[in-house]
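Take a look at the structure set out below.
The values are calculated or read from the model by the stated rules, or taken from the named source; none is laboratory data. A quick note: this is a predicted structure, and the numbers were derived from the prediction, not measured. FYI the Cβ positions are ideal-geometry reconstructions off the backbone, even for glycines, and counts take in every protein chain you see. Please note that ligands, DNA and RNA were not included when accessible areas were found on the heavy atoms of the full protein model with its side chains. Shrake-Rupley method; radii C 1.70, N 1.55, O 1.52, S 1.80 Å.
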Amino acid sequence: MEIVEKSQQRLILRSRPWGVWLVGLIFCVGAAVPIWFAARYELVCRHEVRVIDSRCRWVRSGATGVQITQIPLNRLQGVSIIEQWRSSRGRRYRVYQVHLQTTGGSISFGEFTSDHQSREAVAERIRRFLQQPQHPPLTLVEDNRWWGFLILAVGWGLGLPLIFIGAKVLVLVFDKSAGVVSLQYSSLLRTEKKTFPWHDLKDVVVQLSRGKKGRLLARLALELQNGRVIPLRFYYSNDVRGTQALQATIRAFRDQK
């Protein structure tokens, strides 16, 4: 919180919610990242009369563009399931992905998933097509873009309200000449103002709390004569010394004759 004006009669303080803005921005930007990785996969394979014309068409479409690969069946050597280990919250688990093995390398179909049975079913359909020259055309489609849009919707649903509504610039005015204390909260969408008489102000207190790791947190609050306590922010800050210094500044102004 910065001092905007300080005189014998008036003290004006301003606090910008940099932390809240940052958290909202992280939600919005972080939620957009999966969109670049989520994709739609399509595999269309056909047996033609001329063996040389038989081929598979692999298509991957996503935010980064569309990739198309034509794979002649005589270069398609088989299909396999790639296995990887992943970890989350201290728990390890396996994920699986279908790969087309060609003379030129490996081509993935679909994303990694922990559902081994579904990946085995996809691989078996491709194997069956390759083993049966009279097999009708094979079309496989896997669209994973929905989870990218779901994460985007959740992230923006949390981040945008923080940026436009939750992040409020606070202007705190102690005006002895006018005999009032006012708090003005301004977000990008609206402004709220609270005012009460100067003689109603009893004290400025520091409220303390413990974070998740036991770290001491603090926030400033105004205590009124009727016993009501008004926190200046709904959240706590880890700048305990700065909060205590601000308390001393306000008390000094209040006691100044």
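Is it the case that some residue within region 117-124 is over 29 Å from the mean Cα position of the chain (by Cα), outside any strand (DSSP E or B) and within 19 Å of ARG57 (Cβ to Cβ)? Scanning region 117-124 turns up at least one residue that is over 29 Å from the mean Cα position of the chain (by Cα), outside any strand (DSSP E or B) and within 19 Å of ARG57 (Cβ to Cβ). Selection over region 52-68 of residues that are open to solvent by 60 Å² or more (accessible area, probe 1.4 Å), of a type in the set (A, V, I, L, M, F, W, C) and in a strand (DSSP E or B) gives a count of 2. One residue stands out among those in region 1-28 that are of a type in the set (Val, Ile, Thr) and surrounded by 16 or more Cβ atoms within 10 Å (Cβ to Cβ): the one that is farthest from TYR235 (Cα to Cα), which is ILE12. When region 6-51 is filtered for residues that are in a helix (DSSP H, G or I), more than 30 Å from ASP175 (Cα to Cα) and either β-branched (Val, Ile, Thr) or free of Cβ contacts under 8 Å to residues at least 12 places away in the same chain (or both), the ones remaining, listed by number, are LEU22, VAL23, ILE26, VAL29, VAL33, ILE35, VAL51. From the list ALA38, ALA31, the one residue that fits, being closer than 30 Å to GLY157 by Cβ, in contact with a strand residue (DSSP E or B) (Cβ under 8 Å, 6 or more places away or on another chain), buried (at least 18 other Cβ atoms within 10 Å of the Cβ) and modelled with pLDDT under 95, is ALA38. In region 131-171, which residue that is β-branched (Val, Ile, Thr) and touching a helix residue (DSSP H, G or I) at 6+ places or on another chain (Cβ under 7 Å) is farthest from VAL181 (Cα to Cα)? Only one residue tops the list, namely ILE151. Please specify each residue of region 217-238 satisfying the condition of being out of contact with any strand residue (DSSP E or B) (no Cβ under 7 Å at 6 or more places or on another chain) and open to solvent by 80 Å² or more (accessible area, probe 1.4 Å). Matches in region 217-238: ASN226, ARG228, PHE234.
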